[in-house]
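*Asks:* Can you keep this structure in mind? I'll have questions shortly.
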Amino acid sequence: MTNSVSNSPTPQPLPPVPSDLKSKVLQRLDHQHDRIQQGIRSGQLTEDEAKTLIEEQKALRQKVEEFKSDGVITKDERKELREAFKTASRNIFELKHNDEARPGAKSPGQAAGNAGTVVDSVA
């Protein structure tokens with residue numbers, strides 16, 4: 001019996017991404033979106049900071065769609081997405097916890113029911 005090992009120079013794509021991974025990606029995007037909304041409501045984010053984070057989220061969503069477009073998210077693409085999510089999460093944290101406050105922002109207890117208009121553009 002012969003063991004045939006392919007010496008093909010092109011790597012074979014991984015099988016399609018399991019649905020639980022897809023849902024984890026969507027959950028992460030939704031969670032980051034919620035954190036941005038909360039930062040706007042509480043006054044932790046200025047309008048410019050929120051716009052910066054929203055643009056980052058849009059780029060991240062585009063990257064996810066690009067990777068999904070061929071039906072397969074490779075191991076390297078998953079690694080790139082993980083790093084991009086980590087960076088986005090870190091950016092949200094850093095901007096929410098800097099000393100800049102949105103003018104006219106209410107205290108966190110008062111802001112719970114106020115929705116930010118900038119965030120409504122994030123989908």
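*Asks:* Contact list please: Cβ distance under 8 Å, first residue in region 92-107 and closer than 23 Å to Arg28 by Cβ, second residue at pLDDT 65 or above and small (Gly, Ala, Ser), pairs at least six apart or on different chains.
*Replies:* Ile92/Gly39; Leu95/Gly39; Lys96/Gly39
*Asks:* Against the condition without any contact (Cβ under 8 Å) to a residue 12 or more places away in the chain and over 14 Å from the mean Cα position of the chain (by Cα), how does Asp48 come out, does it pass?
*Replies:* So Asp48 passes the test.
*Asks:* Does Leu26 satisfy being under 18 Å from Ser89 (Cα atoms) and part of a helix (DSSP H, G or I)?
*Replies:* Answer is yes for this residue.
*Asks:* Filter region 20-60 down to the residues that are of a type in the set (Lys, Arg) and crowded, with 16+ Cβ neighbours inside 10 Å and list them by number.
*Replies:* Within region 20-60, Arg28, Arg35, Arg41 meet the criteria.
*Asks:* From the set of residues in region 63-95 that are aliphatic (A, V, I, L, M) and in a helix (DSSP H, G or I), which is surrounded by the most Cβ atoms within 10 Å (Cβ to Cβ)? Lay out the reasoning, then the answer.
*Replies:* Taking region 63-95 and keeping what is aliphatic (A, V, I, L, M), we get 64, 72-73, 81, 84, 88, 92, 95.
Narrowing the set further to residues that are in a helix (DSSP H, G or I) leaves 64, 81, 84, 88, 92, 95.
Details: Val64: 20, Leu81: 18, Ala84: 15, Ala88: 20, Ile92: 23, Leu95: 19.
Among those that are aliphatic (A, V, I, L, M) and in a helix (DSSP H, G or I), it is Ile92.
The values are calculated or read from the model by the stated rules, or taken from the named source; none is laboratory data. The shown structure was predicted, so the numbers you read here are calculated from the model rather than taken from an experiment. Note that we place each Cβ from the backbone using ideal geometry, even for glycine, and neighbour counts take in every protein chain shown.
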